[in-house]
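Working notes, structure below.
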Amino acid sequence: MILLASTVSGSIPVNQLINSSKQRPSSRSCVVNSAVAMTNEVKRSCEFYDMHKELIPYAEAWSWQKDIVKKRKELIEREKDCSDTLIILQHHPVYTLGTRSSEAYLNFSMKNAPINVYRTERGGEVTYHGPGQLVMYPIINLRYHKMDLHWYLRALEEVVIRVLSSTFFIKASRIEGLTGVWVDQKLAAIGIKVSQWIAYHGLALNVATDLTAFGQIVPCGIQDRQVGSIKGLLQEHVSSNRRGAESKYDIDDNQLIDITHKSLVQEFCKIFQVHLRHKPIPAGIAWERPEVLHSITEKGD
């Protein structure tokens, strides 16, 4: 079932709803609901690096995560681990592969890649990151939550499912046997690495992403399913309800990113029972506003 809010250019009102049923929810949702209820009642502290309006090079964010994990392990050894970490940002255009990803899912030669490609230690197949996509990197000590990787993946999916439902009235679901969040199309990809019960990497949600880059790969190695975005779904709804009008409507990307970001943070805190401590962007992390990248890209073309 898809429930989409009526959309007007530049704003996202949620007072008018429609129904169109296509996707059947997976039975796994009950696993998450019961597991989330088992999380600690006492909220755990979580350092929060909020860079949702910034473009961060993938290699820097990846290195930063590994550095945090290393320090967290040292704290665990001294029994001084007292907080988790949450990083939210956008990336410059990049393709990433999981540790066992097949290059057969790349529609180009690695020697002639259109953009940077990184093979990482996370699970899953190839995916794309770029402007307009919110990437959430929780660095979580599962000893303080639930030492169950299945639960953790379902909990990350639940964060996105609740965001889409509560904020945009989009009914998303899981698909049995596949990781991610779906509304006919795949809206969110999830890939994690867990070392000594410390989880890192995370999820990527297509908000206002240019989806053309996904055409260069087989996203997540799934041949028969398409990738979508929140903006695309909203535009599709507006278009289908304005017969004879223009098929493309201008939805403000920045507003959409801000609204989605706020909801992601709220739902993450509810599911993982953490309270956030805002931290400044660390010195040495290179970042850029998405608008700047867009102008450079246009000139380069």
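The values are calculated or read from the model by the stated rules, or taken from the named source; none is laboratory data. Note that the structure is predicted; figures quoted are calculated from it, not measured. Cβ placement follows ideal geometry from the backbone for every residue including glycine, while neighbour counts extend to all protein chains displayed. Ligands, DNA and RNA are stripped out before the accessible areas are found, and what is left, the full protein with its side chains, is counted by its heavy atoms. Shrake-Rupley method; radii C 1.70, N 1.55, O 1.52, S 1.80 Å.
The table that follows gives values for the structure above.
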{"item": "Top-ranked residue in the range 235-260 [being open to solvent by 50 Å² or more (accessible area, probe 1.4 Å) and among the hydroxyl-bearing types (Ser, Thr, Tyr); ranked as modelled with the highest pLDDT]", "result": "SER240"}
{"item": "Qualifying residue in the range 216-228 (condition: over 28 Å from TYR49 (Cα atoms), at pLDDT 95 or above and among the polar types (S, T, N, Q))", "result": "yes"}
{"item": "Residue check, SER6 exposed (fewer than 15 other Cβ atoms within 10 Å of the Cβ), closer than 30 Å to VAL238 by Cα and modelled with pLDDT under 95", "result": "no"}
{"item": "Subset tally (residues that are in a helix (DSSP H, G or I) and under 22 Å from HIS237 (Cα atoms)) for the range 250-284", "result": "10"}
{"item": "The range 150-170, residues that are of a type in the set (Val, Ile, Thr) and open to solvent by 10 Å² or more (accessible area, probe 1.4 Å)", "result": "ILE161, THR167"}
{"item": "Filter result (at pLDDT 95 or above, of a type in the set (S, T, N, Q), under 28 Å from ILE259 (Cβ atoms) and not in a strand (DSSP E or B)) within the range 38-94", "result": "GLN65"}
{"item": "Residues of the range 119-144 classified as open to solvent by 40 Å² or more (accessible area, probe 1.4 Å) and either without any contact (Cβ under 8 Å) to a residue 40 or more places away in the chain or farther than 26 Å from LYS231 by Cβ (or both), total", "result": "4"}
{"item": "Residue ID - farthest from the chain's Cα centre (by Cα), chosen from residues in the range 175-190 that are more than 15 Å from GLU236 (Cα to Cα) and open to solvent by less than 10 Å² (accessible area, probe 1.4 Å)", "result": "TRP182"}
{"item": "Qualifying residues in the range 267-296 (those that are open to solvent by 60 Å² or more (accessible area, probe 1.4 Å) and farther than 19 Å from SER45 by Cα) - the one modelled with the lowest pLDDT", "result": "ILE296"}
